[in-house]
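Student: Can you read through this structure? Questions will come right after.
Just so it is clear, none of the values below were taken in a lab; they were calculated from the coordinates. Everything quoted here is computed from the prediction, not taken from an experiment. Neighbour counts run over all protein chains shown; Cβ positions are idealised from the backbone, glycine included.
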Amino acid sequence: MAIAETGQSSAASPLVTQLHGWVTTVDHKRIGILYILMSLFFLVVGGVEALLIRLQLWVPNNTLIGPDTFNQLFTMHGTTMIFFVVMPMLSGFANYLVPLMIGCRDVAFPRLNALGFWLALFGGCILYTSYFTGDALYGLGSAPDVGWFAYAPLTSPAYARGGSVDYWILGTLVSGVGTLTFAVNLIATILTMRAPGMKLNQVPLFVWMMLVDAGLIIVAFPPLTAAQIMLLLDRYAGAHFFDTQAGGSAILWQHLFWFFGHPEVYIMALPAFGIISEIVPVFSRKVIFGYASMAAATAAIGFISLGVWAHHMFTVGLDDRLDAFFSAASFLIAVPTGIKIFNWTATLYGGRLQLRTPMLFALGFLGMFLIGGLTGIMLATVPVDWQVSDSYFLVAHFHYVLFGGSLFALMGGCYYWFPKATGKMLSETLGAWHFWLLFVGFNLLFGPMHIAGIMGMPRRVYTYEAGQGWDFWNQLSTIGAFIMGIGFLIFFINLVLSLRSGQKAGDDPWDAWTLEWATSSPPASYNFEQIPTVRSRRPLWDLKHPEDPDWKYE
Amino acid sequence: MSDLSANPDPPPHDEAIAMPRPTAWPMVLASGVGLMAIGIPTNLIFSIVGLGIVFTALFGWFGQLLTDEAEVEEPLVAPERRARPIRPSHKRVLSPTPGQRLELPEKVHPYSAGVKGGLAGGAVMAIVATLYGLFSGRGLWYPINLLAAMILPHFADDTAVELSQFSLTALLVGVVLHTVTSLLVGLFFGVLLPTLPSSPVFWGGVVGPLLWSAGIYSFMGVLNPVMSDYVSWPWFIASQFAFGIVMGLVVVRSEKISALRLSPTSEEEPHDANS
């Protein structure tokens, strides 16, 4: 494989050479972009699935989509959004940014990094292969239809005939292995490759949060992988891990899945926290409030999040003492999360706010994530959970956390770092349209779900009877979904237009302070001609304000 | 990057930097893994082919690492495509605000004040609780047993009369629980009080006990069902106020120390500062 594509001369290369360069790249920036492109592709796929779900629920007794197809749609939507949209996007941001932020040339294991991306991509392909092979080979099923957490015994051969569940298991398993390689790489990079002088307490908060995030991945993903292999053994080798009739335990799957599943929420949220911690100070023209407490709160969230998984299982009928413990632990996690909210608010306070598009998304994140957090505290209360579990209230809650939280922040990150990655600015006008349509559409879509849920509408029903008071709220939600769809359409138009004819960004369009803004836009493959030496948390501030550098105070 | 503080290593003279060589082996390896997986629900032939691809890819990958092909010399980009030097900014610098070289409050109570306050408040609270036991006619050990019931489940089956009997285990558990909780609450208030406006005694002696009592009232059924059944709420709230007032007074009477860090740590310029 004497391939020597340098990645620098691709601008004038023929298409095949360019594609070859992308396929063989081990450059962390290109791999980051590949992750983000993969995420955006699956965002469209998962978004279309969501629109179909909302169309079906537009009116009572709708027959647009049958129950089996509906089951497949919500399964694929959930699985896609979590494993193949948010995860690759956060991996993409981390891949692109962490080496630049800590002042090194690449990640610790560049080839392993490439392997991680391709495993993630092929995992997604395996999942969607189910649509094309399930029927053909077995005449049964098609896409998996067991929900994104695939509870036993629904996944047993008796209930899930055909291969659809296998594609769910294998697709997420393969991508999960890719995620593990990403985490190993990230930890090694952050711990061993920081620029000279950059202590661990001086790395940007995004890096801090990705370090904890990678640690969580290392702890949380292997139990899922193990559980998936056990499930495969159940399905293919006659094992009975989750078969209650043969001495197995269906609850064991829930424990193993949620031991992964709840940290996974924070695995998806921490990068968002990191992005917000970079955007808010720059657009408030202030240093982040409480760097140390932010880092400590991140570590606390990482630790506590490993001990709250059974709050997803309050309705299973566990021992009351277990319920009380997991309820208390879930309350406890509100403390470090609250510290972060207070710190971001304190950073905004007294700042010279610049309401550019990244900041709009950051502020949107703050409001939406707060609502998601508050409903999370409600759901951590056992009796409340018993009342609204598996209702649309729950669906509203986790979308406020994962969409209003993670995805709003990731969108803000796109606007913030797009100039660095491409050398072009995204249009502020289209960006504002994108934000407001997304903000209005999001609240119109998921806000009413709280009410529908409290009124008793269960999640995952493919239709409902008229006269239960749910019609209006469902119609509002469907309208909101399409407004959001228009918002995303504008985002994609903005990406294409700005790439083709966007305003030139320059090296440091936001007058920011972290190291990635010290190199060219886009950066050369080696990032920096000379590896910088760092003396404070804001190395560019030190250079821009030599009369008042941060290093004198840290 | 020429203006950013550079590390002591000399800049590259040959205008090229060694970087990992692009390679397709990771993609090939991943495709092998994917084929192996696809073979499980479809046909094992796919898995066998996938395994072959995996081994081929590993062989190619490791082989590349063992030769000079592992790295490639990347020429530096043309000077016009490099980053512009970072110049000193003429933009106005915001005066320090909270969080930026300015810590609020300026003066705080030492941690020891919170600890002392918590222990003193806890002692007074214990006296009030003991008085309740005596005045209610249920005896000295009754309030201690109620507290220990949070940890000792066998008290759940006891009657009020049995709860009045002495139990060494309950005494030890109750004392430890009470001491630790008092100490932690005192520490918490000791840290928090200087950040609150107006009178610390008001926050410690009025607001704190009210919030604490309301919280306990809400959770008592879960935390300690036995106490929830037998507790006298007027006495309970009175003991909370006794704790809060004494703790607040002890904390307030302690001498504050400075938490201000406005002055720079060093005026010395770094050796490798801006070129």
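Student: State, to one decimal in nm, how far the label point of B:E15 lies from the label point of A:Y131, with both points 7 Å from Cα in the Cβ direction.
Tutor: Rounded to a tenth, the inter-label distance reads 5.1 nm.
Student: Fewest Cβ neighbours within 10 Å first, please rank B:D158, A:D542 accordingly.
Tutor: In order of increasing Cβ crowding within 10 Å: B:D158, A:D542.
Student: Mind checking the full-extension length gain between B:H154 and B:V180? Use 0.36 nm per residue of separation minus the Cα-Cα distance, one decimal, nm. Could the numbers behind the result be given before it?
Tutor: Values: separation 26, 0.36 × 26 = 9.36 nm, distance 2.24 nm.
Gain on stretching B:H154 to B:V180: 7.1 nm.
Student: Taking 24 Å as the cut-off for C-alpha to C-alpha distance, list the pairs among A:K199/A:K286; A:K340/A:K424; A:K29/A:K504; A:K29/B:K91 that go past it. Can you show the working numbers first?
Tutor: On the way: A:K199/A:K286 21 Å; A:K340/A:K424 32 Å; A:K29/A:K504 19 Å; A:K29/B:K91 32 Å.
Among A:K199/A:K286; A:K340/A:K424; A:K29/A:K504; A:K29/B:K91, the Cα-Cα distance tops 24 Å for A:K340/A:K424; A:K29/B:K91.
Student: Let me ask something additional. Once you put a point 7 Å from the Cα of B:W233 and another 7 Å from the Cα of B:F59, both along the Cβ direction, what distance in nm separates them?
Tutor: Here the modelled spin labels are 8.0 nm apart.
Student: OK, next. Just to verify a number: FRET efficiency for A:D548 and B:D68, C-beta to C-beta distance, R0 = 41 Å, to 0.05?
Tutor: Approximately 0.25, to the nearest 0.05.
Student: Another question, then. Helix A:28-56 versus the longest principal axis of chain A: what angle, 0 to 90°, nearest 10, using Cα atoms?
Tutor: 30
Student: In degrees between 0 and 90, to the nearest 10, how far off the longest principal axis of chain A does helix A:334-348 point, with axes built from Cα atoms?
Tutor: 40
Student: Just to be sure I understand the model, the point goes 7 Å from the Cα along the line to the Cβ. What's the resulting A:V316 to A:Q354 distance in nm?
Tutor: Using points 7 Å along Cα→Cβ, the separation is 5.0 nm.
Student: Further question on the same structure: How high is the FRET efficiency between B:L140 and A:I218 when r is their beta carbon distance and R₀ equals 51 Å, given to the nearest 0.05? Please list the in-between numbers first.
Tutor: Values: r = 53 Å, r/R0 = 1.05.
With R0 = 51 Å, the Cβ-Cβ based efficiency is 0.45.
Student: How tilted is helix A:164-192 with respect to the longest principal axis of chain A? Cα atoms for both, answer in degrees (0 to 90, nearest 10).
Tutor: 30
Student: Hey, fewest Cβ within 10 Å first, where do A:T172, B:T67, A:T225 land in order?
Tutor: B:T67, A:T225, A:T172
Student: Given a Förster distance of 45 angstrom, what is the FRET efficiency for A:A324 paired with A:F482, based on the Cβ-Cβ distance and rounded to 0.05? Display every interim value, and only then the final one.
Tutor: On the way: r = 43 Å, r/R0 = 0.96.
Efficiency, rounded to the nearest 0.05: 0.55.
Student: A further question on this structure: Would you order B:H154, A:H450, A:H240 from fewest to most other beta-carbon atoms within 10 Å of each residue's own beta-carbon? Could the numbers behind the result be given before it?
Tutor: Values: B:H154 12, A:H450 22, A:H240 15.
Sorted ascending by nearby Cβ count, the order is B:H154, A:H240, A:H450.
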